[in-house]
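Below is one structure, written out as structure tokens, with a few remarks after it.
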């Protein structure tokens, strides 16, 4: 058996994405719950992640932060789960994994959270261009494909699916039918239900 994973999280964080991924790969893991403005900023944790944010994992003495990176790492570290891309899937796998971590998150943060409006002239300076362009790009893909790589669920769907599920739930992503259908497909998995139950149980104890 491969060495276990230490998982640093808080149930009110993006750590929910990593919990889902850990359940998908079946990795043995230990959960360390950190509190905002407390243990998350402690000297001990800052040695692991100097940003003082969760999630983070430690596996075989190596630290991995950032949800998209953690999902990709776990897919490679636990190949028996079959969630890493096949050679002919790598282009769309990496394309949409990093699209969701970059343009999608940035567009949502700027437009829906910070209420920043980027005028047409300055859109060429912004990586995501516009919020509408980001959603239209995703729409075009999911109108033609069931999953990020086409017809098969991979680690990229954990990250992209979680981002879109949260966006639909909190109104930061438009409820287009192709988005609703995609989120329903990925969140109907037993692993998603199990991960959600574990984090919800931690919320109840808080």
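Laboratory data are not the source of any read-out in this text; all were calculated from the coordinates shown. Keep in mind that what you see is a predicted model, and the values were worked out from it rather than measured. So basically every Cβ, Gly included, is an ideal-geometry build from the backbone, and we count neighbours across all protein chains shown.
For residue 122 and residue 143, what is the calculated FRET efficiency with R₀ set at 30 Å and r taken between the beta-carbons, to the nearest 0.05?
Step by step, r from the Cβ atoms, then E = 0.55.
Write down, largest first, the equivalent ellipsoid semi-axes of the stretch 87-190 in whole Å, where each equals the square root of 5 times an eigenvalue of the alpha-carbon gyration tensor.
Those come to 24, 16, 11 Å.
Could you give the angle, 0 to 90 degrees to the nearest 10, between helix 177-187's Cα long axis and the longest principal axis of the Cα atoms of the chain?
Tilt of helix 177-187: around 10 degrees.
Rounding to the nearest 10 and keeping the result within 0 to 90°, find how far the Cα-based axis of helix 190-205 lies from the longest principal axis of the chain.
Helix 190-205 sits roughly 70 degrees off the main axis of the chain.
Quick one: Debye curve from the alpha-carbon atoms of the stretch 133-190 only, equal weights, vacuum; give me log10 I(q)/I(0) at q = 0.17, 0.23 Å⁻¹ to two decimals.
-0.47, -0.90
Tilt of helix 155-170 relative to the longest C-alpha principal axis of the chain, in degrees (0 to 90, nearest 10)?
70
Over every pair of different alpha-carbon atoms in the chain, take the mean of 1/r and invert it; report that Kirkwood radius in Å.
So the Kirkwood estimate lands at 17.8 Å.
Sort the following peptides by mean Cβ neighbour count (other Cβ atoms within 10 Å, averaged over residues), highest first: 114-120, 146-152, 10-16.
10-16, 146-152, 114-120
If I take every Cα pair under 8 Å that is 6 or more residues apart in the chain, average their sequence separation and divide by the length, what percent do I get for the relative contact order?
23
Starting with the highest mean, order 67-73, 57-63 by the number of other Cβ atoms within 10 Å, averaged over the residues of each peptide.
The packing order, highest mean first, is 67-73, 57-63.
Roughly what % of DSSP beta bridges within the chain run antiparallel, to the nearest 5?
If we restrict to bridges inside the chain, about 65 percent are antiparallel.
Going 7 Å from the Cα of residue 12 in the Cα-to-Cβ direction, what parts of the stretch 170-185 have a backbone nitrogen less than 17 Å from that spot?
Within reach of a label on residue 12: 170.
What 222 nm value per residue comes from the helices of the chain, counting each DSSP H run with n ≥ 4 as -39,500 (n - 2.57) and dividing by all residues, nearest 500 deg cm²/dmol?
-14000 deg cm²/dmol
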